[in-house]
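Structure, as structure tokens:
Values quoted throughout were computed directly from the atomic coordinates according to the rules given, and no laboratory measurement underlies them. Computed from a predicted structure; not experimentally measured. A quick note on method: Cβ atoms are made from the backbone with ideal geometry, for glycine too, and the neighbour counts reach across all protein chains shown.
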Amino acid sequence: MITGKYPSLRLRRNRKYKWIRRLVRENDLSSNDLILPIFLTEGKNKQIKIPSMPGIYRYSINMLPRVIDKALSNKIPMIAFFPNTPTNKKNNFGSESLNENNLVCKALRYAKRKYKNEIGFMTDVALDPYTSHGHDGLLKNNKILNDETNKVLIEQALLQAQMGCDILAPSDMMDGRIGEIRKALDKNNHTDVQLLSYAVKFASNFYGPFRDAVGSKSFLKGDKKTYQMDFSNSDEAIREVALDIKEGADLVMVKPGMPYLDIITNIKKKFKIPVFAYQVSGEYSLIKNGIKNKIINENAIIESLISFKRAGASAIVTYFANEVAKKII
Ligand code: PBG
């Protein structure tokens, strides 16, 4: 509501100095808001650059403390693991996803033993890092099978829960998987394991560098438009979230991030559930390269992250997590 008018009313008065700008600031970013994704690779003493993501590496398990210790001292509450599965372990069915000695399982065991509950660990439930066709589900006659995929996802989820995962994050966009996974978790005494549903995941053009990082890019046949959402839609996002909440999601994710701030706001307003946002790899690399090439300055990072807070996100998965947290704690 506006009372008074120019020239007696001047909104610029509240912007006069930094101290008053700080006092009237409506949203803040803290390390409490950040989730750090970490890419895993086989081998020992490995820290491998990812060319399409400047400043981001794949770590072998024994090198994890390098990055997790940093996250801890930066007061980051949670890590998300993503595996770069060796090509010879990928097949049509993504069966490596059910191997208790796959990269994610090994990382979970190692990290939970070392860090206990000092920091949270989340993992993706989806088959794309493990399939030779790069899809999140089982592929048959050029179709992604829904119900058959769910059966594998349940096994994958149970295995990760058994390894100590705190938050399972199904990112596959199959119908009905949240309910089925919740049921299986409860039946197997994993009632405390949380489900963060990638309830709203768009078939986006911003995932390129991630697919590079997990090594699925060159394998991906076609696109993911028959299961991930059409980026023109917003009412459909509400339906997705409503269903996942009903099926037992504790938290919901919107992905990608900045092009979808309207979706975050709509969900937050309607459901009052914690909404997490994923600032995805393409967003990261665009900003990072912009800074490297002096097209934008590095405060653009905080500006991008605050936009999620303004939109209503509780937390943000971002490859900038360590870099930013260091500055703001
Ligand atoms: C797949 C998955 C993707 C990302 C996280 N999990 C990519 C995809 O759907 O192809 C993307 C993350 C990013 O781009 O940073 N289950």
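What are the ³J(HN,Hα) couplings of region 141-155, residue after residue, when phi is run through the Karplus curve with 6.51, -1.76, 1.60 and θ = phi - 60°? Round to Hz, x for glycine and proline.
After applying 6.51 cos²θ - 1.76 cosθ + 1.60, I find 6, 6, 10, 8, 7, 7, 5, 5, 4, 3, 4, 6, 4, 4, 5 Hz.
For the pair ASP230 and MET1, what calculated FRET efficiency results from E = 1/(1 + (r/R0)^6), where r is the Cβ-Cβ distance and R0 = 25 Å, to the nearest 0.05? Before the final figure, lay out each step's value.
Numbers: r = 38 Å, r/R0 = 1.53.
According to the calculation, E is roughly 0.05.
Once you treat every alpha carbon in region 240-329 as an equal point and sum by Debye, what is log10 I(q)/I(0) at q = 0.11, 0.24, 0.26 Å⁻¹?
The Cα Debye sum returns log10 ratios of -0.33, -1.17, -1.30.
Let me know the charge dipole size of region 29-328 about its Cα centre in debye, to the nearest 20, where only the beta-carbon of Lys, Arg (+1) and Asp, Glu (-1) is charged.
Dipole size: approximately 880 debye.
Using DSSP, restrict attention to beta bridges with both residues in the chain and report what percent are antiparallel, rounded to the nearest 5.
Bridges in the chain that DSSP calls antiparallel: roughly 15 percent.
Is it possible to state the helix-based mean residue ellipticity at 222 nm for the chain, with each DSSP H run of 4+ residues giving -39500 (n - 2.57), the sum divided by total residues, to the nearest 500 deg cm²/dmol? What is it?
Counting only the DSSP helices, I get -11000 deg cm²/dmol.
Amide H of LEU34 versus every other amide H placed in the peptide plane: which residues, excluding those fewer than 5 positions away on the same chain, fall under 5 Å?
So LEU34 has HN proximity to ILE316.
What nm distance separates the two modelled labels at ARG22 and SER218, each placed 7 Å from Cα along Cα→Cβ?
Taking the simple label geometry, ARG22 and SER218 are separated by 5.1 nm.
Connecting C-alpha atoms closer than 10 Å in a GNM of the chain, tell me which of GLU240, GLU298, GLU96 has the biggest fluctuation.
In this elastic network of the chain, the residue with the biggest mean-square fluctuation among GLU240, GLU298, GLU96 is GLU298.
Debye sum, Cα scatterers, region 58-192, no solvent: what log₁₀ I/I(0) at q = 0.09, 0.17 1/Å?
Values, matching the q order: -0.27, -0.90.
Could I get the Rg over Rh figure for the chain? Both from C-alpha atoms, Rh via Kirkwood, rounded to two places.
Numbers: Rg = 20.4 Å, Rh = 20.6 Å.
Taking Rg over the Kirkwood Rh, I get 0.99.
So what J values fall out for region 211-221 if you push phi through Karplus, 6.51 cos²θ - 1.76 cosθ + 1.60 with θ = phi - 60°, rounded to Hz, Gly and Pro as x?
5, 5, 5, 8, x, 9, 4, 6, 8, 4, 9
Can you tell me the 0 to 90 degree angle between the C-alpha axis of helix 261-271 and the longest principal axis of the chain, rounded to 10?
80 degrees
Using 0.36 nm per residue, how much length does the chain from ASN142 to ASN62 gain when fully extended, once their Cα-Cα distance is taken away?
Working it through step by step, the gained length comes to 24.9 nm.
Just to check I understand the Karplus step: with θ = phi - 60° and J = 6.51 cos²θ - 1.76 cosθ + 1.60, what whole-Hz values come out for region 238-252, glycine and proline as x?
5, 5, 4, 5, 4, 5, 5, 5, 4, 7, x, 5, 8, 9, 10
Please work out how much length the chain gains when fully extended from ILE295 to ILE328, using 0.36 nm per residue of separation minus the C-alpha to C-alpha distance, in nm with one decimal.
Length gained between ILE295 and ILE328: 9.6 nm.
Quote the FRET efficiency, to the nearest 0.05, computed for ASN189 versus ARG10 with a Förster distance R0 of 35 Å and r equal to the Cβ-Cβ distance.
Calculated transfer efficiency: 0.05.
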